[in-house]
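Participant: One structure is given below, represented as structure tokens, and several questions about it will come after.
The values are calculated or read from the model by the stated rules, or taken from the named source; none is laboratory data. Quantities reported herein were computed from a predicted structural model and do not represent experimental measurements. All Cβ positions, glycine included, derive from the backbone under ideal geometry; neighbour counts span all protein chains shown.
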Amino acid sequence: MKTAICPGSFDPITVGHMDLVSRAAAIFDRVILCVMVNGEKHHMFSLEERLELARAAIASLPNAQAEACGGLLADFAREKGACALVKGVRGGGDLDWETQMAQINRDLCPALDTVLLPARPEHLHISSTLAREMLRHHQSLDRYIPAGAMGALNRIRQGKV
Ligand code: PNS
């Protein structure tokens, strides 16, 4: 069984992430969406909230599951017996960064390769950063957040006001 990991902050999960996980689930036998801590970022949602949103979003994908990890991605992948990481690229900036990350992760776990999937053109402008900005300005997120996660997002937002 070929297992792939889709890692990220997912702060919050977007329709772009959802497309990536769906495409990975069509290629690999099992996909684990791994909600992680990015030491370079201040997260708007807690690890538990981000996991709840991710789980709700991918509930319709039978061979995908979501887990949280506060440690090293390479250790998580090794523990799960994964052969690949799957990341999305929206342009040159993403490509440069993800190429470096792929190399670091392969240094840490030589059996672990990274598959980069190009974002769909209609998702090129979508990011968690943009979704957070829309949230701060109380804008509708219907076009940015997967439909399955909207209920959980509204519940979490109500709990914060
Ligand atoms: O969605 P993001 O913020 O671009 O995801 C980045 C993430 C969380 C995948 C990356 O920061 C990460 O892998 N963090 C876990 C710690 C780790 O393994 N770092 C790489 C080796 S130092």
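Participant: Quick one: would you say ALA111 is among the small types (Gly, Ala, Ser) and under 17 Å from the mean Cα position of the chain (by Cα)? If you could, list the steps in order and put the result at the bottom.
Facilitator: Values: among the small types (Gly, Ala, Ser): yes; under 17 Å from the mean Cα position of the chain (by Cα): no.
Against the criterion (among the small types (Gly, Ala, Ser) and under 17 Å from the mean Cα position of the chain (by Cα)), ALA111 does not qualify.
Participant: When region 30-55 is examined, which residues are found to be hydrophobic (A, V, I, L, M, F, W, C), assigned to a helix (DSSP H, G or I) and farther than 17 Å from PRO146 by Cβ? Walk me through how you get there before you give the answer.
Facilitator: Step one: filter region 30-55 for residues hydrophobic (A, V, I, L, M, F, W, C), giving 31-37, 44-45, 47, 51, 53-54.
Cutting the leftovers down to assigned to a helix (DSSP H, G or I) gives us 47, 51, 53-54.
Of everything in region 30-55, just one residue is hydrophobic (A, V, I, L, M, F, W, C), assigned to a helix (DSSP H, G or I) and farther than 17 Å from PRO146 by Cβ, namely LEU47.
Participant: Is it true that LEU117 is in contact (Cβ under 8 Å) with a residue 40 or more places away in the chain and within 15 Å of the ligand (Cβ to nearest atom)?
Facilitator: Values: in contact (Cβ under 8 Å) with a residue 40 or more places away in the chain: yes; within 15 Å of the ligand (Cβ to nearest atom): yes.
Yes, satisfied.
Participant: Of the numbered conditions (1) assigned to a loop (DSSP other than H, G, I, E, B); (2) in contact with a Gly (Cβ under 6 Å, 6 or more places away or on another chain); (3) crowded, with 20+ Cβ neighbours inside 10 Å, ALA59 satisfies every one except a single condition; which is it?
Facilitator: Evaluating ALA59 over (1) assigned to a loop (DSSP other than H, G, I, E, B); (2) in contact with a Gly (Cβ under 6 Å, 6 or more places away or on another chain); (3) crowded, with 20+ Cβ neighbours inside 10 Å leaves (3) as the failure.
Participant: Residues being assigned to a helix (DSSP H, G or I) and either closer than 12 Å to PRO146 by Cβ or modelled with pLDDT under 95 (or both): count how many of those fall in region 4-29.
Facilitator: Let us first name the residues in region 4-29 that are assigned to a helix (DSSP H, G or I), namely 15-27.
Add one more test, that the residue is either closer than 12 Å to PRO146 by Cβ or modelled with pLDDT under 95 (or both), and what stays is 15-22.
Number of matching residues: 8.
Participant: Can you say whether GLU79 is more than 10 Å from the ligand (Cβ to nearest atom), modelled with pLDDT of 95 or more and touching a helix residue (DSSP H, G or I) at 6+ places or on another chain (Cβ under 8 Å), as far as the supplied structure shows?
Facilitator: Numbers: more than 10 Å from the ligand (Cβ to nearest atom): yes; modelled with pLDDT of 95 or more: yes; touching a helix residue (DSSP H, G or I) at 6+ places or on another chain (Cβ under 8 Å): no.
The answer is no for GLU79.
Participant: Exactly one condition in (1) over 18 Å from TYR144 (Cβ atoms); (2) within 17 Å of the chain's Cα centre (by Cα); (3) within 14 Å of the ligand (Cβ to nearest atom) is not met by ASP94; state its number.
Facilitator: Of the numbered conditions (1) over 18 Å from TYR144 (Cβ atoms); (2) within 17 Å of the chain's Cα centre (by Cα); (3) within 14 Å of the ligand (Cβ to nearest atom), the odd one out for ASP94 is (1).
Participant: With the requirement that a residue be in contact with a strand residue (DSSP E or B) (Cβ under 9 Å, 6 or more places away or on another chain) and within 15 Å of the ligand (Cβ to nearest atom), what does region 32-52 give you?
Facilitator: Hits for region 32-52 are ILE32, LEU33, CYS34, VAL35, MET36, VAL37, ASN38, LEU47, ARG50, LEU51.
Participant: List, please: which pairs have Cβ atoms under 9 Å, are six or more places apart or on different chains, and start with a residue in region 71-88 that is farther than 17 Å from LYS2 by Cβ and part of a strand (DSSP E or B) and end with one that is more than 8 Å from the ligand (Cβ to nearest atom) and basic (Lys, Arg)?
Facilitator: GLY88/ARG23
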